[in-house]
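Taken together, the values in this text are just the output of simple stated rules run on the coordinates, not laboratory data. This structure is a prediction, so every number in the text was calculated from the model and none was measured. Ideal geometry is used to build each Cβ from the backbone, glycine not excepted, and the neighbour counts take in all protein chains shown.
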Amino acid sequence: MDATIYNQTGKETGTIALPESVFGVKWSGDLVHQVVMAMEANARQPVAHTKGRGEVAGGGKKPWKQKGTGRARHGSSRSPIWIGGGITHGPTKEKVYAQKVNKKMRTKALYAVLSAKFRDGEILFVDSITFPAIKTAQAKSVLGVLSGVNGFDGLLKKKANSALVAMGKKDDTVFKSFGNFNNIAIEESRNLNPVDVLRYKYLIITEPKETVAFLVGKFKEKKLGAEISKKSEATMKAKKLKS
């Protein structure tokens with residue numbers, strides 16, 4: 001599985017061999033949905049807040065005596081059925097929406113999304129993007145050149161020019177040059193996640209060899225960590241048996 005690498009002038013500079021374990025994974029809609037929903041829930045910051053009857057000021061005194069008035073009995077004017085009273089089952093900012101997502105699940109979901117993007121021809125590999133100074137015009141020029149690549153003509157269309165630029169390493173000059181585009185996001189490759197990749201139509205990966213090596217290493221690190229933990233458990237059991 002090979003892909004063409006371009007430079008920021010739109011010319012082909014070579015190819016890169018892509019691992020099947022990252023860019024050839026079958027689509028798993030259930031897994032991707034679960035991970036995306038969990039990540040969005042974890043990023044949620046509750047703002048809406050209502051006060052219950054115990055939080056509303058006043059209402060300490062009983063409105064009227066229990067019997068003899070001919071009216072319904074009430075214990076507080078801050079009851080939810082009173083005007084100005086508390087809210088029943090309303091939203092509170094203390095509510096926690098966080099959901100647990102295993103690292104292995106998140107990694108596999110990212111691989112599934114990257115594989116789908118690659119099959120649809122929406123990933124563009126660029127050897128590097130560099131600017132001598134912070135200029136929005138330079139960023140626009142690069143997008144115009146890359147839109148000439150077959151299948152990426154939508155980069156300059158206002159309704160479809162949504163793209164995520166994944167940089168191998170952070171470059172403030174490039175980051176700030178792309179900062180004035182509403183539908184163009186720029187991020188470091190090590191921060192790639194399923195939510196951001198799905199949010200944008202195109203994915204532009206710079207320094208592809210380093211990025212691909214990092215993506216492959218994400219899963220290998222998990223396997224290595226599991227092997228180390230198993231070995232440590234076996235060692236501990238052996239020590240207990242000896243003692």
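A few comments on the model shown:
- Projecting label points 7 angstrom from Cα along Cα→Cβ for F214 and T4 puts them 2.6 nm apart.
- Legend: ranking of residues K62, K67 from fewest to most surrounding C-beta atoms inside 10 Å; resulting order K67, K62.
- For peptides 140-153, 191-204, 8-21, sequence by mean Cβ density within 10 Å, most packed first: 191-204, 140-153, 8-21
- Lys, Arg +1 and Asp, Glu -1 on Cβ, resulting dipole of segment 45-96 about Cα centre, debye, nearest 20: 360
- Inter-site label distance for V145 and I87 at 7 Å from Cα along Cβ, in nm: 5.4
- Local electrostatic count at N150 - Lys and Arg +1, Asp and Glu -1, tallied over other residues with Cβ under 13 Å: -3
- Rounded FRET efficiency, nearest 0.05, which uses the C-beta distance separating A17 from I134 and R0 of 41 Å: 0.75
- The fraction of Cα-Cα pairs per 10 angstrom bin, counted from 0 for the chain, comes to 6, 22, 22, 15, 11, 10, 8, 4, 1, 0 percent, rounded to whole percents.
- Charge dipole (Cα centre; +1 on Lys/Arg Cβ, -1 on Asp/Glu Cβ; no other charges) of the chain amounts to roughly 2200 debye.
- Annotation: the antiparallel percentage among DSSP beta bridges lying fully within the chain is about 25.
- Segment K103-A43, extension gain: residue separation times 0.36 nm, minus the distance between their alpha carbons: 20.0 nm
- Placing unit charges on each Cβ (+1 for Lys and Arg, -1 for Asp and Glu) gives the chain a dipole about its Cα centre, and among Y111, S189, V56 the Cα reaching farthest toward its positive end belongs to V56.
- Sequence ranges 210-218, 50-58, ranked by mean other-Cβ count within 10 angstrom, highest first: 210-218, 50-58
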